[in-house]
Amino acid sequence: PGPEMPLFSVSKEVAVGTAMLGVAFATGMLAGKKYPLVFGTPKSSKSIIGKSNPLWQYILDHSLREHPILKKLRLLTADHPWSKMMVSCDQAQLMANLVKLIKAKKVIEIGVFTGYNTLNMALVLPDNGRVIACDINEDYVKIGKPLWKEAGVEHKIDLRIKPAIQTLDELLASGEAETFDFAFIDADKESCNEYYEKCLRLIKKGGIIAIDNVLWSGRVLKPRKDDLATQSIHHLNEKLHRDARVNISMLPMGDGVTLVFKL
Ligand code: SAM
Ligand code: CA
């Protein structure tokens, strides 16, 4: 047997704060047993396969390799009243793997919250790599910032506290189109199409955009006319399906994430 990765146990921590906020939308079959597939958000992580599903724990127990400081930030965020906004840890790991795979140097995050995924990406970037981290709420970011420092990656994070559209426009205006490798779109859903179009201009051919919450707790199945967030996500999903500028994969991970590969 080859060398083994250090494994960071998550069982106990994920068992903390078991409140499920979701609603059961479907049922799944495994080994003759029915498990509820829950669209929802356990306090410390979220997944379409909800916390009450033993498969969720199995997935984490058999795949999560979380840096100790990243875990510390996840647990710290779990106590926040808006902890459900934090990206799911398995999804963050996928993004870190993609960032490494494409040898990314410049990445954008739209929507930082406490900075779990900002730290996650900074940890795998080379020392001269940069995350342009966009948020409007400094109070959220302040929670995670000391841990960016503790992990020794603070110098890779360029935090811009202002509306993300403004930051993206500034990057485009300063000649940074087609210089980014990866973008994660995870802020106000009403603007997701604008974020997508601007990120598509900013990333290189072969670059990747990850768009979060594309299933929006199942609401995309029946978008109400007065629900602008759901309408906006649904329209972008429809557009991406036909968008010849990119290849896509829509994954049922977390609250749904679409990976967009620029051609
Ligand atoms: N990506 C984060 C993570 O890894 O845990 C979660 C982001 S949270 C779902 C959404 C964030 O978007 C919030 O922190 C919010 O302050 C921010 N936000 C909302 N509107 C924004 C805007 N117009 N520009 C930039 N950030 C915005
Ligand atoms: Ca999200």
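The values are calculated or read from the model by the stated rules, or taken from the named source; none is laboratory data. Since the model is a prediction, treat every value here as computed from it, not as a measurement. All Cβ positions, glycine included, derive from the backbone under ideal geometry; neighbour counts span all protein chains shown. Calculation scope for accessible area: heavy atoms of the full protein, side chains included, ligands and nucleic acids excluded. Shrake-Rupley method; radii C 1.70, N 1.55, O 1.52, S 1.80 Å.
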For the range 88-262, dividing by residue count, accessible area per residue (probe 1.4 Å) in Å² works out to 43
Out of Gly129, Gln231, Phe113 - ranked by how far each Cα lies towards the positive end of the dipole of the range 88-262, with unit charges on the beta-carbon of charged residues - the top one is Gly129
So the FRET efficiency between Gln57 and Lys142, C-beta based with R0 = 22 Å and rounded to 0.05, is 0.10
Heads up, the range 215-263 by the C-alpha gyration tensor (a ≥ b ≥ c square roots of eigenvalues; a/c under 1.5 rounded, else a/b over b/c prolate, else oblate) looks oblate
Surpassing 29 Å at the alpha-carbon level, of the pairs Lys106/Lys149; Lys84/Lys149; Lys72/Lys103; Lys103/Lys222; Lys84/Lys156; Lys105/Lys162, are Lys103/Lys222
Plugging the Cβ-Cβ distance of His155 and Asp79 into 1/(1 + (r/R0)^6) at R0 = 35 Å yields, to the nearest 0.05, a FRET efficiency of 0.80
Rounded to the nearest 5, the percent of antiparallel DSSP beta bridges in the range 88-262 equals 35
Full extension between Glu178 and Asn97 adds, at 0.36 nm per residue less the Cα distance, a length in nm of 27.0 nm
Kirkwood Rh over alpha-carbon pairs of the range 93-212 plugged into Stokes-Einstein at 4 °C, 1.567 mPa s gives a D in µm²/s of 93
